[in-house]
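Here is the structure we will look at.
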Amino acid sequence: MTVTPAEEQIDLRRSVEAFARDVLAPDALARAHSPEYPWDVAKRLAEMGLLGITVPQEKGGQGGTLHDAVIAIQAVASACPRSADVVQAGNFGPLRTLAEYATAEQRDRFLRPLLGGEQVISLGMTEPEAGSALTDLRTSATPKGEGFVLDGTKVFSTHSAEASVFLVYVRFGPGVGGIGSVLVEQGAAGFSRGRPSAFMNGEQWCQLYFEDCYVPAENVLLGPGGFKKQIAGFNAERIGNAARSLAVGRYAFEAARRHALEREQFGRPLCEFQGLQWKFAEAAVDLDAAQLLLERAATELENGLPRGYDTAVAKYAANKAGFAAADMAVQVMGGTGFSQESLVEYCFRRTRGWMIAGGSSEILKNRIAESVFDRRFSQRGGSR
């Protein structure tokens, strides 16, 4: 498969890379080690039209393609890995689901400030007892008056410490058909956030608590039966995850490559040692192969969204290649790569987390196997 970018996409890549190199790179290290959301970057990217790239123009976005968004996220990450998170938040995940299914009134209230870089949205999906087994979620939405009352807890929600709005998966009734989603605003009665917890990637996330939290009817995004639509939209989130994995892994790869050209040991540059040559060769092959799989997933769509098999293969390959490249870079650069004075150790920590978030590597392999055998395999105990 060959993906040839259009002339406009080549120009997009060049312009974003130039901006990232000139504006974002100088503070890249400090930004990576700050747990705070980079609001300054969000405002600049919004001004450049890099938020809402895939959102249709009639809904307030740029009307671009998923491949355009991949180009943007990787171009930004080439100079500032942390800033790529802003492109992710402004194009993939809950924002994409919101843009796809929101009413006109919901788009005006919630989507406009998100695309303007003024706010960020968080996804309340994972629960203490429902991670990969998402359909086991317990957060309930019980009818009350014209709206619903929420009760439950969410964990591991990205941007939960800074978000102003939360897209929350809830259970309106029993079974998969009873699952949908609502929009909960910061400050809503009965909604609270726990103390921020620090994670390996340098971010801080909060547990989300809903105790008799009233949600008006106009804040329902997808009612009962909305689960499959939400998961279909989640495939686009996996494209963003895969794109960052590769871009951040490649950032570490390039840093290690420069180091191997300049650093001398035993009277010659490190790049002249065959053992290191092979490490770089293997990493280059894996990164390039995963990039092709990512571009296939981003360009061969069904009903405007990437196909489940393509995204599972791309994310699995990208997570594996990105982390392996960052791991290799730390080893090649030794103490320098291990130091927090280098972005390489940040790349190592960052790529490791994406092997868990957005669908673990093990879950992805299960999904890939189901496509291979054209049948579903239940992971529940006692089932055949």
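Rounded to the nearest 10 degrees, the inclination of helix 274-299 to the longest alpha-carbon principal axis of the chain is 30 degrees.
Taking the protein heavy atoms of region 11-94 in the context of the full set of protein chains, the accessible area attributed to carbon and sulfur is 47 percent at 1.4 Å.
At a Förster distance of 22 Å, what's the computed FRET efficiency of residue 142 paired with residue 195, Cβ-Cβ distance as r, to 0.05?
According to the calculation, E is roughly 0.20.
Roughly how many percent of the accessible protein surface of region 103-146 is carbon and sulfur, given a 1.4 Å probe and a whole-percent answer?
Here carbon and sulfur together make up 47 percent of the probe-accessible area.
Helix 7-19 and the longest principal axis of the C-alpha atoms of the chain enclose an angle of approximately 80°.
Restriction of the chymotrypsin sites (Phe, Trp or Tyr not before Pro) in region 343-377 to DSSP coil positions whose beta-carbon has at most 12 other beta-carbons within 10 angstrom yields 377.
Here residue 228 is the anchor, and the aspartates and glutamates within straight C-alpha reach of less than 16 Å, apart from those fewer than 8 places off in the same chain, are 100, 136, 237, 302.
Extending 7 Å from the Cα toward the beta-carbon at both residue 336 and residue 22 defines two label points whose distance is 2.8 nm.
Sorting the segments 357-364, 202-209 by their residues' average number of neighbouring beta-carbon atoms within 10 angstrom, most packed first, yields 202-209, 357-364. Of the GluC sites (Glu not before Pro) in region 1-55, the ones in a loop by DSSP (not H, G, I, E or B) with at most 11 other beta carbons within 10 Å are 36.
Per residue, the accessible area of the chain comes to 46 Å², computed with a 1.4 Å probe over protein heavy atoms only. The stretch between residue 109 and residue 30, if pulled fully straight at 0.36 nm per residue, gains 25.1 nm over its current Cα-Cα span. Summarising the label geometry, the points placed 7 Å from Cα in the beta-carbon direction at residue 378 and residue 278 lie 4.7 nm from one another.
The values are calculated or read from the model by the stated rules, or taken from the named source; none is laboratory data. From a predicted model like this one, the values you see are computed outputs, not experimental measurements. As a convention, Cβ positions derive from the backbone with ideal geometry for all residues, glycine included, and neighbour counts pool all protein chains shown. What goes into the accessible areas is simple: the full protein's heavy atoms, side chains included, and nothing from ligands, DNA or RNA. Shrake-Rupley method; radii C 1.70, N 1.55, O 1.52, S 1.80 Å.
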